[in-house]
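A.B. asks: Got a structure for you, questions after.
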Amino acid sequence: MDAPRELPPVVSLSDAQQRGVRCVFCGVPLSAETAVDLGPRAIGVFESTVHWFPRSCRKDMPM
């Protein structure tokens with residue numbers, strides 16, 4: 001199995017990509033049927049830690 005793909009920096013993503021509505025890699029729209037959950041990620045924002053929940057499309061997942 002390939003190593004997990006590194007995510008793009010959160011600040012480089014659109015609002016829709018940050019919310020998991022679009023793929024974090026290519027920006028294609030996602031649905032419950034097409035999305036791959038990449039798991040929660042912690043990031044620092046204004047001296048706090050918050051979690052975001054990135055998703056990708058199946059074509060951008062390593063095989």
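The values are calculated or read from the model by the stated rules, or taken from the named source; none is laboratory data. Just so it is clear, the model here is predicted, and its values are computed rather than measured. Neighbour counts are summed over all protein chains in view; Cβ atoms, including those assigned to glycine, are modelled from backbone coordinates with ideal geometry. Remember, those area values only see protein heavy atoms, side chains included, never the ligands or the DNA or RNA. Shrake-Rupley method; radii C 1.70, N 1.55, O 1.52, S 1.80 Å.
A.B. asks: Pairs of Cα atoms under 8 Å, at least six residues apart: use those to get the relative contact order of the chain, whole percent. Walk me through the intermediate numbers first.
C.D. replies: Working: 94 pairs, mean separation 22.4, N = 63.
For the chain, the relative contact order is 36 percent.
A.B. asks: Taking the simple approach of a point 7 Å from Cα along Cα-to-Cβ for both Ala16 and Ala42, what is their distance in nm?
C.D. replies: Placing both labels 7 Å along Cα→Cβ, they lie 3.1 nm apart.
A.B. asks: Would you kindly derive the ³J(HN,Hα) couplings of segment 5-16 from the backbone phi angles with the Karplus curve 6.51 cos²θ - 1.76 cosθ + 1.60 (θ = phi - 60°), listing them in order in whole Hz, with x for Gly and Pro?
C.D. replies: Calculated HN-Hα couplings, in order: 6, 6, 7, x, x, 4, 5, 8, 8, 6, 4, 5 Hz.
A.B. asks: Which percent of Cα pairs goes in each bin when the distances of the chain are cut into 5 angstrom slices starting at zero?
C.D. replies: 4, 18, 29, 25, 14, 7, 2, 0
A.B. asks: Would you kindly derive the ³J(HN,Hα) couplings of segment 47-56 from the backbone phi angles with the Karplus curve 6.51 cos²θ - 1.76 cosθ + 1.60 (θ = phi - 60°), listing them in order in whole Hz, with x for Gly and Pro?
C.D. replies: Each residue of segment 47-56 in turn: 6, 10, 9, 10, 10, 10, 10, x, 9, 9 Hz.
A.B. asks: Of all the accessible heavy-atom surface of the chain, with the other protein chains kept in place and a 1.4 Å probe, what percent is carbon and sulfur?
C.D. replies: Numbers: 2630 of 4560 Å².
Of all accessible area on the chain, carbon and sulfur atoms account for 58 percent.
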